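The values are calculated or read from the model by the stated rules, or taken from the named source; none is laboratory data. Only a predicted model underlies this, so the values are computations on that prediction, with no experimental measurement involved. Backbone-built Cβ (ideal geometry, glycine too); neighbour counts: all protein chains shown.
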């Protein structure tokens, strides 16, 4: 359902420059998609919004689209729709005052693709005039001046004609280059949306050059093969063009001079030469294509092999939440894009350059007065190709956005199938998907129609060009100024050039997107990693396990402190529990002990040593951590239990499962320990996943164990059995237990009680805390159903328990 955000009342006399409402299209924790019609057809405004809003408090990333008029905002999950809506509107207000007046803002439109010219935006029309009409006026004016100064003779001059065609083509490609280099027209970075507004060319070129230098010999070899294959293909066209001449004359002077006489023998020789040229061309094309593809695959493999280990060493804060999907996008989309470009793009450019290098001298030497006719279609077809890719790029971006919405709707509906069924809304959801699918189909159909029209237009231009060149060449043949053999040779040359020019727009677009992809890859490689070297070594066999939080203060980015000057001591070889309200910082303490996060102030000691001075890998090998949301990999149960202990024997795996009270349900499965659990352990229940994760830590056998709500998803009987079995396992180990259910920690040696502000308010053994009759005793009575001492105390307990 669409939701509109109404801005707060403004002081008298102030008017919002944003026309039309900002509409919230979708929202999940940490991510919102807004519809902002004011952005439609305004790439500069979208780029500025991406940069400025991305720096707002609590906002981690922004992707604003001038094509679809939408804004995707990644943010702190604590912020709601009203917070993001207010920030979005405020930033748009400021930007619109800077870039234009209210009269320049187009009215909201339901159309997904709407350029500024189509919307009647005077600023957009003026921009179109400056960027589109002016170059065409320059070209037309130059041609008119040439005719006025020297008439057609000047235009027909071979070098002048070639220069004019080259200048026009260069102007068109240069214009397209600047347009595709505009970062506001490139896909926003999935990794760092807030920085997507800066130019990517300068940032992307160095890594591309480094790749080229690293593989310069392979690139040179592949380029040589591509050029040779193109020359062989031109040889095929030339040989085939000589066959009609042989049939018309009855003999070939060249073959006769070589000693081959007679029409049939010469025909056989020409046919053999054409066949041989084709075989050579096929072999060279195969080797060239294989060389480019292998290069692309190797570069993709090298980049992924270099980047993924770096990603594994990133701090957990960079891998949690939405950032994970953005980093995965770089690994799964950007790196393959670089490899795909190297596999196809450079080869296309080499072949096009080879065609030009052969075609230009051939016309200048054999028929210089025909050069203008042969090269005239070059800027025309170049302009048509670039124009088509400019239009289709915007259109397909809109279709892509529709497909994203369609896929998101399908996934959300499938994930929420229980809710859909419980509310009997299957028909409504099916109708919603049908509407989205129909809109996607209609837009795709329009784009396909435009593409088909472009293909036929370019083909017609190429055919007319060949026809015109042939007619002019035939006229010169009849006049005696051009030989018939030269006529056949020249007639075959323009076709490969014109064909490859139709692909110049695609190649240019792929190149610019490759620069953007490499920019994101480089940014990912430059993110700081956890320290993997240095620090004092730590032998797990000598660890006593005493942990101390000494004046620790910690706050998540953009939030108030979770812990303030916290002081805790976890005695070696004993079980210490932490209980308290939700959001008190209990899980944060576990992350600090594992060094998933570092405190803002204070220090954490292990056996008297600051854990920041210890080797990180050694520290984590000494600690077994079982989280509430137990994560299982897509593999067998045995593989998940043995994860981190790959050489464990099967008997040890079974023993660990027995202690975790998991052997019963495992052995009841048809494949037992060889049962595949699926992604994230989807084939198992929450309680079963927790027991597998617990068995994994038991098998690791660390001197320190942290259990963060490790049995929250099991029933009371199973929990009691696990607690009984764990007493033998945790004996002599430093054990930290975090729990909401007090029955889980009643047997702990020491219990710390935290309030909702992250402050320790009570500590002691279970019976001592009950005797103190404080917050712990109130929680205990609430959970066990024991009567409260008085109504006032009951009210205090309810308030505390619900925080």
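Residue 665 - would you say it is farther than 19 Å from residue 625 by Cα and part of a helix (DSSP H, G or I)? Criteria met by residue 665. State yes or no: is residue 61 in a helix (DSSP H, G or I), surrounded by 15 or more Cβ atoms within 10 Å (Cβ to Cβ), in contact with a helix residue (DSSP H, G or I) (Cβ under 9 Å, 6 or more places away or on another chain) and modelled with pLDDT of 70 or more? For residue 61, the condition - in a helix (DSSP H, G or I), surrounded by 15 or more Cβ atoms within 10 Å (Cβ to Cβ), in contact with a helix residue (DSSP H, G or I) (Cβ under 9 Å, 6 or more places away or on another chain) and modelled with pLDDT of 70 or more - is not met. So is residue 304 at pLDDT 75 or above, surrounded by fewer than 20 Cβ atoms within 10 Å (Cβ to Cβ), in a helix (DSSP H, G or I) and in the same structural domain as residue 233 (by TED's automatic domain parsing) or not? In short, yes. The set of residues in segment 549-563 that are within 18 Å of residue 605 (Cα to Cα) and crowded, with 18+ Cβ neighbours inside 10 Å comprises 549, 552, 554, 563.
Could you tell me whether any residue of segment 759-766 is exposed (fewer than 14 other Cβ atoms within 10 Å of the Cβ) and farther than 19 Å from residue 582 by Cβ? Among the residues of segment 759-766, not one is exposed (fewer than 14 other Cβ atoms within 10 Å of the Cβ) and farther than 19 Å from residue 582 by Cβ, which makes the answer no. Per the conditions (1) at pLDDT 80 or above; (2) more than 49 Å from the chain's Cα centre (by Cα), the sole criterion not satisfied by residue 243 is (1). The residue that is farthest from residue 409 (Cα to Cα), among those in segment 40-53 that are surrounded by 23 or more Cβ atoms within 10 Å (Cβ to Cβ) and at pLDDT 80 or above, is 45.
Of all residues in segment 574-586, those satisfying the criterion of being in a loop (DSSP other than H, G, I, E, B), buried (at least 16 other Cβ atoms within 10 Å of the Cβ) and modelled with pLDDT under 90 are 581, 584, 585.
Here is a yes/no grid of residues against (1) under 31 Å from the mean Cα position of the chain (by Cα); (2) at pLDDT 90 or above; (3) outside the structural domain of residue 712 (by TED's automatic domain parsing):
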site: 600; (1), (2), (3): no, no, no
site: 603; (1), (2), (3): no, yes, no
site: 606; (1), (2), (3): no, yes, no
site: 610; (1), (2), (3): no, yes, no
site: 631; (1), (2), (3): yes, no, yes
site: 638; (1), (2), (3): no, yes, yes
site: 644; (1), (2), (3): yes, no, yes
site: 648; (1), (2), (3): no, no, yes
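Just give me the residues in segment 629-657 being touching a residue at least 60 places away in the same chain (Cβ under 8 Å) and surrounded by fewer than 19 Cβ atoms within 10 Å (Cβ to Cβ), in sequence order. Reasoning before the result, please.
Of all residues in segment 629-657, those touching a residue at least 60 places away in the same chain (Cβ under 8 Å) come to 630-632.
Within segment 629-657, just 631 meets the criteria.
If the condition is being more than 24 Å from residue 645 (Cα to Cα) and buried (at least 17 other Cβ atoms within 10 Å of the Cβ), then segment 606-625 contributes only 607.
Conditions tested, residue by residue: (1) outside any helix (DSSP H, G or I); (2) surrounded by 13 or more Cβ atoms within 10 Å (Cβ to Cβ); (3) free of Cβ contacts under 8 Å to residues at least 40 places away in the same chain; (4) within 39 Å of the chain's Cα centre (by Cα).
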{"residue": "211", "(1), (2), (3), (4)": "no, yes, no, yes"}
{"residue": "224", "(1), (2), (3), (4)": "no, yes, yes, yes"}
{"residue": "227", "(1), (2), (3), (4)": "no, yes, no, yes"}
{"residue": "234", "(1), (2), (3), (4)": "no, yes, no, no"}
{"residue": "247", "(1), (2), (3), (4)": "no, no, yes, no"}
{"residue": "255", "(1), (2), (3), (4)": "no, yes, yes, no"}
{"residue": "259", "(1), (2), (3), (4)": "yes, no, yes, no"}
{"residue": "271", "(1), (2), (3), (4)": "no, yes, yes, no"}
{"residue": "274", "(1), (2), (3), (4)": "no, yes, yes, no"}
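Among the residues of segment 435-454, the ones that are loosely packed, with under 12 Cβ neighbours inside 10 Å and under 14 Å from residue 380 (Cα atoms) come to 0 in all.
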